[in-house]
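What follows is a structure written as structure tokens; I'll ask about it next.
The values are calculated or read from the model by the stated rules, or taken from the named source; none is laboratory data. Quick caveat: nothing in here was measured; it's all calculated off a predicted structure. Here the Cβ positions follow ideal geometry from the backbone for every residue, glycine too, while neighbour counts run over all protein chains shown.
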């Protein structure tokens, strides 16, 4: 069963270790790998910033990944979105798919956003497929947009509107409930 829970103080070190995992880092472009003290400063700033929020993705009560939303105070009611599964054992078993649905409920139903968008490295076929399966649409392609591992990389812009999630929500959630990935609402 996949659930989202609020961040706790003790999650800082866990997030640091997940972020060091090669399979997580290879798809991240926003922050370079950090030392623990730099990460701790980031974590404290992140938690204290009312413009962003984060949740721990839990699988059967155990932390498995991280989901974040930023831009919460924008008058445009749009939020940047990102997530990853940090625990290797949780990857490829539906945790990300379930976390996306729960995160979209959070973004649209609880936080009142009207749009969620993501920047995904163009090489990350698994993330592009997962986001498309959730209902995200491609809105753009940015060439040489970020630097990762000393190389310029292309980025795909994806987004979903609250109205689009409202149309898909029940079908997606029913599938996840049936498969035992999330609890019924």
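Criterion first (part of a helix (DSSP H, G or I), more than 29 Å from residue 171 (Cβ to Cβ) and in contact with a helix residue (DSSP H, G or I) (Cβ under 7 Å, 6 or more places away or on another chain)) does residue 108 satisfy it?
For residue 108, the condition - part of a helix (DSSP H, G or I), more than 29 Å from residue 171 (Cβ to Cβ) and in contact with a helix residue (DSSP H, G or I) (Cβ under 7 Å, 6 or more places away or on another chain) - is not met.
Can you find a residue that is surrounded by 16 or more Cβ atoms within 10 Å (Cβ to Cβ), touching a strand residue (DSSP E or B) at 6+ places or on another chain (Cβ under 7 Å) and modelled with pLDDT of 95 or more anywhere in the stretch 5-13?
yes
Ok, one more. Pairs only if they're at least six apart or on different chains, beta carbon under 7 angstrom, first in the stretch 131-150 and on the phi > 0 side of the Ramachandran plot, second exposed (fewer than 12 other Cβ atoms within 10 Å of the Cβ); list them, first residue then second.
144/152
Among the residues of the stretch 2-12, is there at least one that is assigned to a loop (DSSP other than H, G, I, E, B), more than 15 Å from the chain's Cα centre (by Cα) and within 30 Å of residue 162 (Cβ to Cβ)? Break it down into steps so the answer makes sense when it comes.
The initial filter retains those residues of the stretch 2-12 that are assigned to a loop (DSSP other than H, G, I, E, B), namely 7-10.
In the following step, the residues that additionally are more than 15 Å from the chain's Cα centre (by Cα) were identified as 8-10.
So of that shortlist, the ones also within 30 Å of residue 162 (Cβ to Cβ) come out as 8.
Within the stretch 2-12, one or more residues are assigned to a loop (DSSP other than H, G, I, E, B), more than 15 Å from the chain's Cα centre (by Cα) and within 30 Å of residue 162 (Cβ to Cβ).
Test of understanding: among 34, 40, 52, 45, which residue is in contact (Cβ under 8 Å) with a residue 12 or more places away in the chain and either in contact with a strand residue (DSSP E or B) (Cβ under 8 Å, 6 or more places away or on another chain) or loosely packed, with under 13 Cβ neighbours inside 10 Å (or both)? Write out each step before concluding.
Details: 34 fails: either in contact with a strand residue (DSSP E or B) (Cβ under 8 Å, 6 or more places away or on another chain) or loosely packed, with under 13 Cβ neighbours inside 10 Å (or both); 40 fails: either in contact with a strand residue (DSSP E or B) (Cβ under 8 Å, 6 or more places away or on another chain) or loosely packed, with under 13 Cβ neighbours inside 10 Å (or both); 45 fails: in contact (Cβ under 8 Å) with a residue 12 or more places away in the chain.
Just a single option satisfies the conditions, and that option is 52.
A follow-up question, please. Hey, could you check the stretch 151-184 for residues that are touching a residue at least 60 places away in the same chain (Cβ under 8 Å) and over 19 Å from the mean Cα position of the chain (by Cα) and say which is farthest from residue 112 (Cα to Cα)?
This residue is 153.
Does at least one position in the stretch 26-38 carry a residue that is modelled with pLDDT of 85 or more and under 30 Å from residue 114 (Cβ atoms)?
No: zero hits.
If you don't mind, there's one more thing I want to ask. For residue 77, are the conditions met, namely being within 21 Å of residue 98 (Cα to Cα) and either modelled with pLDDT of 90 or more or surrounded by fewer than 17 Cβ atoms within 10 Å (Cβ to Cβ) (or both)?
no
Of all residues in the stretch 111-132, which are in a loop (DSSP other than H, G, I, E, B) and in contact with a helix residue (DSSP H, G or I) (Cβ under 7 Å, 6 or more places away or on another chain)?
Correct list: 113, 114.
Among 159, 134, 166, which is the only one that is surrounded by 15 or more Cβ atoms within 10 Å (Cβ to Cβ) and at pLDDT 95 or above? Full working, then the answer.
Working: 134 fails: at pLDDT 95 or above; 166 fails: surrounded by 15 or more Cβ atoms within 10 Å (Cβ to Cβ).
After applying the criteria, what remains is 159.
Among the numbered criteria (1) in a helix (DSSP H, G or I); (2) surrounded by 14 or more Cβ atoms within 10 Å (Cβ to Cβ), which one does residue 93 miss?
Among (1) in a helix (DSSP H, G or I); (2) surrounded by 14 or more Cβ atoms within 10 Å (Cβ to Cβ), residue 93 violates only (1).
Still on this structure: Among the residues of the stretch 136-185 satisfying the criterion of being in contact with a strand residue (DSSP E or B) (Cβ under 8 Å, 6 or more places away or on another chain) and in a loop (DSSP other than H, G, I, E, B), which is farthest from residue 98 (Cα to Cα)?
136
Something else now. Of the residues in the stretch 14-24, how many are surrounded by fewer than 18 Cβ atoms within 10 Å (Cβ to Cβ), more than 21 Å from residue 98 (Cβ to Cβ) and touching a strand residue (DSSP E or B) at 6+ places or on another chain (Cβ under 9 Å)? Walk me through it before giving the result.
In the first step, residues of the stretch 14-24 are kept if they are surrounded by fewer than 18 Cβ atoms within 10 Å (Cβ to Cβ); the result is 14, 17, 20-23.
Then drop every residue that is not more than 21 Å from residue 98 (Cβ to Cβ), which leaves 17, 20, 22.
From what is left, the residues that are touching a strand residue (DSSP E or B) at 6+ places or on another chain (Cβ under 9 Å) are none.
Number satisfying all stated conditions: 0.
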